[in-house]
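The values are calculated or read from the model by the stated rules, or taken from the named source; none is laboratory data. Remember, it's a predicted structure, so these values are computed and weren't measured experimentally. With ideal geometry, Cβ positions are generated from the backbone for all residues, glycine too; neighbour counts draw on all protein chains shown. Protein only, heavy atoms only, side chains kept; ligands, DNA and RNA dropped before computing areas. Shrake-Rupley method; radii C 1.70, N 1.55, O 1.52, S 1.80 Å.
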Amino acid sequence: MSALLLRDIRLAMRAGGGFGLSLAFFLIVVVLVPFGVGPEMGLLSKIAPGILWVGALLACLLSLDRIFALDFEDGTLDLLATAPLPLEAVVSVKSLAHWITTGLPLVLAAPVLGVLLGLQSDAFYWIVLSLLLGTPALSVIGTFGAALTVGLKRGGLLLSLLVLPLYVPTLIFGAELARRGIAGMDVGTLMSLLLGITFASIALLPFASAAVLKVNLR
Amino acid sequence: MSLWEYANPVKFLSFSGKIVPWFAAGAAFFIAVGLYWGYFLTPDDYKQGSTVKIIYLHVPAALIAINAWFMMLVASLIWLIRRHHVSALAAKAAAPIGIVMTLITLITGALWGQPMWGTWWAWDPRLTSFLILFLFYLGYVALWAAIDNPDTAANLTSVLCMVGSVFAVLSRYAVLFWSQGLHQGASLSLDKEKNVADVFYQPLLMSITGFVLLFVALVLIGTRTEIRIRRASALLARERG
């Protein structure tokens, strides 16, 4: 398992792996918003948690089809499916690799971009916390979407149509947690709900992903 | 004699062919009477005026929009567990109807909301969850359309339907955290002594009955069409040999 994890991370980090592409995309989305809504810092800092969350979500979406597509094309996925490792474990490892190469950098980059949006320094804590708790769910749900569309040509657009509705609860809880945390309100319920979504997705969705992957590899 | 007999496409076709006209006629009758009664024979509401009459379309369409998804979920489970093709095709046939009903609900709601709330759209939990339901339907139909192999498509869409159901319910409750409600509570429920006033209640029940019959009739017709398409393509494949 760790060999597979290291392999996926290495493949993503090396040239042509697209590492950094989602980070750059995240940066551009966040930079574009002030051009759209105007440079007023008060307004920007008010909508900053939402922008950062939506930006992270879109950046995450961008890299989803890479999870399985290349391995499907060169046959690695067939090998992995016949390997002694259960396919559920393969899928989980691939989600983890996706999170380490996409989700984690987004979490770390969010405070830097928060500066551009006029966030106060005590707000960084909530942004980072909510993204840290929420992005694993984005990766796992996205892996499910990627597994659904792996055999399809032009699966990219379909992938976003399938995955984005599934992201709604995570987005709501995550962005709401950041917003209420910054406003100094009670966040206990929201935090347990966000954690609940993340852990439930990690625990259950790999089974669904492995099931659809088996169908697609048949 | 059991329900599973109709999993045989031949039996299903002959049986559904017999009952479809009855369901269609019943739907036409109940919708016509319900709507005519509702629109012309009931008084205007003292506060809402004649706009109250939108409920004869809005409520039944919303009811069908939600229950069509449940029906798809059940049909998907039957497909995954017992591998009855008719079941998978019924789920496929129900999805476009669900889309249309969701749209009817959203549009009639907007038409009612404009004079009553002063806005076409508000990010109210109920409205938002319907919009999300609409997106789920779109994704489901798009996945069916994207895959050539019918069995693969049925498998994948069934799993999507199950996962989607969980997330749709989650979204339904998540939006409650995120926005305050503008929409009134449930107008109809089984455990309430009195629902809406009787004058509105009876034609509404007629209209709901009509919509349910219409849904059943449309699903049956859609499933029959899908079975015939499947047959035609099998014949074509055999001829090409």
(request) Determine, yes or no, whether B:Asp191 is modelled with pLDDT under 90, more than 30 Å from A:Gly50 (Cα to Cα), acidic (Asp, Glu) and not in a loop (DSSP other than H, G, I, E, B). (result) no
(message) Please pick out the residue among A:Ala109, A:Ala147 that is more than 24 Å from A:Ser45 (Cβ to Cβ) and either part of a helix (DSSP H, G or I) or open to solvent by 10 Å² or more (accessible area, probe 1.4 Å) (or both).
(response) A:Ala147
(request) Only residues that are part of a helix (DSSP H, G or I) and open to solvent by 50 Å² or more (accessible area, probe 1.4 Å): list them for the range B:113-148, please. (result) B:Gln114, B:Pro115, B:Met116, B:Trp117, B:Arg126, B:Leu131, B:Leu135, B:Leu138, B:Ala145
(request) Find the residue count for the range B:149-178, including only residues that are without any contact (Cβ under 8 Å) to a residue 12 or more places away in the chain, β-branched (Val, Ile, Thr) and buried (at least 18 other Cβ atoms within 10 Å of the Cβ). (result) 1
(message) If A:Cys60 meets every condition in (1) under 21 Å from A:Ser201 (Cβ atoms); (2) out of contact with any helix residue (DSSP H, G or I) (no Cβ under 6 Å at 6 or more places or on another chain) apart from one, which number is that one?
(response) (2)
(request) Mind listing whichever residues of the range A:196-206 are in contact with a helix residue (DSSP H, G or I) (Cβ under 6 Å, 6 or more places away or on another chain) and either open to solvent by 20 Å² or more (accessible area, probe 1.4 Å) or more than 10 Å from every other protein chain (Cβ to nearest Cβ) (or both)? (result) A:Thr198, A:Ile202, A:Pro206
(message) Condition check: in contact with a Pro (Cβ under 7 Å, 6 or more places away or on another chain) and in contact (Cβ under 8 Å) with a residue 40 or more places away in the chain. Does B:Trp37 satisfy that?
(response) yes
(message) Quick check on this structure: which one of A:Leu164, A:Leu104 is open to solvent by 10 Å² or more (accessible area, probe 1.4 Å), under 30 Å from B:Asp148 (Cα atoms) and in contact with a helix residue (DSSP H, G or I) (Cβ under 8 Å, 6 or more places away or on another chain)?
(response) A:Leu164
(message) With in contact with a Cys (Cβ under 9 Å, 6 or more places away or on another chain) and over 30 Å from B:Pro115 (Cβ atoms) as the only criterion, which of B:Leu73, B:Leu13, B:Leu3, B:Leu80 stands out?
(response) B:Leu73
(request) Kindly list the number of the only condition in (1) within 23 Å of the chain's Cα centre (by Cα); (2) at pLDDT 85 or above; (3) surrounded by fewer than 18 Cβ atoms within 10 Å (Cβ to Cβ) that fails for A:Leu87. (result) (3)
(request) Restricting attention to the range A:183-194, report how many residues are open to solvent by 50 Å² or more (accessible area, probe 1.4 Å) and more than 10 Å from chain B (Cβ to nearest Cβ). (result) 6
(message) Exactly one of these conditions fails for A:Asp65: (1) of a type outside the set (A, V, I, L, M, F, W, C); (2) open to solvent by less than 20 Å² (accessible area, probe 1.4 Å); (3) touching a residue at least 12 places away in the same chain (Cβ under 8 Å). Give me its number.
(response) (2)
